[in-house]
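The values are calculated or read from the model by the stated rules, or taken from the named source; none is laboratory data. Given the structure is predicted, the values throughout are model-derived calculations rather than measurements. Using ideal geometry, Cβ is built from the backbone for each residue, glycine included, and neighbour counts are taken over all protein chains shown. Ligands, DNA and RNA are stripped out before the accessible areas are found, and what is left, the full protein with its side chains, is counted by its heavy atoms. Shrake-Rupley method; radii C 1.70, N 1.55, O 1.52, S 1.80 Å.
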There are 2 protein chains.
Amino acid sequence: MIDKPVELFLDELASKAPTPGGGSAAAIMGAMGAALVSMVCNLTVGKKGYESVEDEMQRLLTDAESVRARMADLVRADMAVFDQVMAAYRMPKDTDEDKQRRAAGIQAALRAATEVPLDCARLCAQVIRLSRVAADHGNRNVISDAGAAVMAAHAALKCAALNVYINVGSLKDEAFARSSVEQLETLLAECEPASEQIFRDVKERL
Amino acid sequence: MIDKPVELFLDELASKAPTPGGGSAAAIMGAMGAALVSMVCNLTVGKKGYESVEDEMQRLLTDAESVRARMADLVRADMAVFDQVMAAYRMPKDTDEDKQRRAAGIQAALRAATEVPLDCARLCAQVIRLSRVAADHGNRNVISDAGAAVMAAHAALKCAALNVYINVGSLKDEAFARSSVEQLETLLAECEPASEQIFRDVKERL
């Protein structure tokens with residue numbers, strides 16, 4: 001999906017095909033956030049007046065590019081786990097043995113379909129933390145791109161959250177479901193005020 | 001840009017090239033929001049149990065696809081106006097006549113660079129209104145995609161807002177600058193609570 005032209009990705013997102021959907025859109029928005037952090041770094045490193053933050057910006061760039069690569073993997077993973085869930089629901093249910101195998105298949109698929117958006121949510125929180133550094137120490141001329149980064153990552157986090165909530169609802173492993181929701185809500189509680197603060201700070205310094 | 005593979009778009013967003021930047025990212029996020037509204041429509045039209053909203057969903061689809069096409073145009077326009085601003089700043093300034101022509105060129109370019117993100121912000125507000133309908137009347141099985149749509153559009157609106165704020169700061173036409181900021185802030189004030197409400201409603205109905 002990530003190899004396809006942007007316009008074709010958007011056409012497929014809009015279509016009645018079940019994938020790509022909101023989960024893939026979340027991972028791409030998260031990747032856009034990471035890319036915007038990288039852009040700020042790339043326009044700060046080597047710029048006169050920013051010598052004192054050069055090393056910090058190089059490290060920030062490495063981190064942002066690593067997150068971006070992992071987000072790209074999650075676009076593929078999101079579609080794969082969705083297909084896995086659909087395939088599990090289509091398993092035969094004629095005999096008791098069939099039914100047991102199908103139920104186990106569904107649970108395994110739903111577990112994977114919870115872990116992928118939760119991973120996406122963790123990476124989004126990471127992009128938000130990286131945006132803070134880009135906004136504070138990056139090239140002031142492109143500080144709006146740090147503001148765009150944080151908005152993209154926060155939207156991606158909330159889209160990923162919806163996909164976690166959907167899937168935990170059908171999980172039989174209540175401890176795993178509860179732990180997933182707790183982890184997610186910790187990220188949401190941390191990132192909501194942090195994102196707003198970064199956006200306000202960027203706006204004030206424009 | 002929109003004809004390029006997603007991965008290449010992300011590479012160019014991350015690079016030190018000044019375009020694409022946050023403005024193009026905003027238009028693509030807005031287009032993703034519109035595409036997700038269309039996806040909900042496409043998975044509602046023709047579905048059993050949704051006959052009573054069929055006409056409404058067809059109209060919603062037409063509106064969402066129209067907004068999506070206009071967002072795609074804004075990706076191109078964002079890059080064009082950025083280049084126009086850069087070209088204006090590079091105009092000769094040797095004679096008084098040069099300086100006058102350059103100053104006029106810069107002002108015309110900044111005006112265009114204000115109008116493009118303001119158009120993007122208006123379209124984002126439109127996507128948020130369309131998401132409300134998708135969330136309320138679309139196929140309940142894909143309601144999370146309506147939630148993803150509203151988050152993408154709201155993030156895009158805030159990214160577009162930053163680009164309006166940057167450019168109005170250098171505008172000499174104060175009436176135009178003031179009017180642009182007023183229009184923008186009306187959209188922001190309307191869309192912030194509306195987006196939060198749609199997200200909460202979707203989350204509750206998952």
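The table below lists the values:
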item	result
Residue-normalised accessible area of the protein assembly as shown, given per residue in Å² at a 1.4 Å probe	42 Å²
Pairs of lysine residues in region B:6-205 - Cα separation under 29 Å, sequence separation of 8 or more or cross-chain	8
A/B buried area, accessible surface, summed, 1.4 Å probe, Å²	4300 Å²
Acute angle (nearest 10 degrees) that the helix B:96-137 long axis makes with the longest principal axis of chain B, alpha-carbon atoms	10 degrees
Inter-label distance, nm, simple model (7 Å from Cα along the C-beta direction), A:Arg200/A:Ala17	4.3 nm
Cα long-axis angle, helix A:22-42 against chain A (0 to 90 degrees, to the nearest 10)	20 degrees
Whole-angstrom gap from region A:70-87 to region A:163-206, using each part's C-alpha centre	20 Å
Tilt relative to chain A, helix A:174-205 - C-alpha long axis, 0 to 90 degrees, to 10	20 degrees
List of region B:130-152 residues, accessible area with partners at least 30 Å² below that of the chain alone (1.4 Å probe)	B:Ser144, B:Ala148, B:Met151
Cβ-based charge dipole, region A:31-144, positive-most Cα from A:Ala109, A:Ser66, A:Cys41	A:Cys41
Local net charge near B:Ser179, Cβ-Cβ under 15 Å (Lys/Arg +1, Asp/Glu -1)	-2
Charge dipole of chain A about the Cα centre (unit charges at C-beta), most positive-ward option of A:Ala189, A:Met32, A:Ala177	A:Met32
Chain B, accessible surface, carbon-and-sulfur percent (1.4 angstrom probe)	52 percent
Pseudo-label separations to other copies for B:Pro193 - Cα-to-Cβ vector, 7 Å, nm	2.3
Chymotrypsin sites (Phe, Trp or Tyr not before Pro) within region A:1-94, DSSP loop, no more than 12 other Cβ atoms inside 10 Å	none
